[in-house]
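Asker: One structure, pasted below without further comment.
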């Protein structure tokens, strides 16, 4: 759960690649963060992973991940998670 103080700080910071990376790391945990890279373009979070196993895992959990990203990045910032392998 996101602390109210952290939520207030994040709410007032610009949407930068660093903020997106922080939100991703917070939402998915260290294992998935370690095997992925993210980039936000036009409300689509583009996720690149090492192999198809991780791709399936993220695609399966996309709804949960989006719900965890929303308080970190804002409502509607991430509408779609598109996952590809390297």
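Asker: Checking the condition in a helix (DSSP H, G or I), in contact (Cβ under 8 Å) with a residue 24 or more places away in the chain and surrounded by 13 or more Cβ atoms within 10 Å (Cβ to Cβ), which residue from 47, 20, 78 passes?
Answerer: 20
Asker: Could you tell me which of the residues 55, 70 is assigned to a helix (DSSP H, G or I) and under 18 Å from residue 13 (Cα atoms)? Outline the logic, then answer.
Answerer: On the way: 55 fails: under 18 Å from residue 13 (Cα atoms).
Exactly one residue qualifies, and that residue is 70.
All of the numbers you see were taken from the coordinates with simple rules; none came from a lab. As the structure is a computational prediction, the values presented were derived from the model and not from experiment. Because the Cβ atoms are built from the backbone with ideal geometry, glycine has one as well, and the counts that use them run over all protein chains shown.
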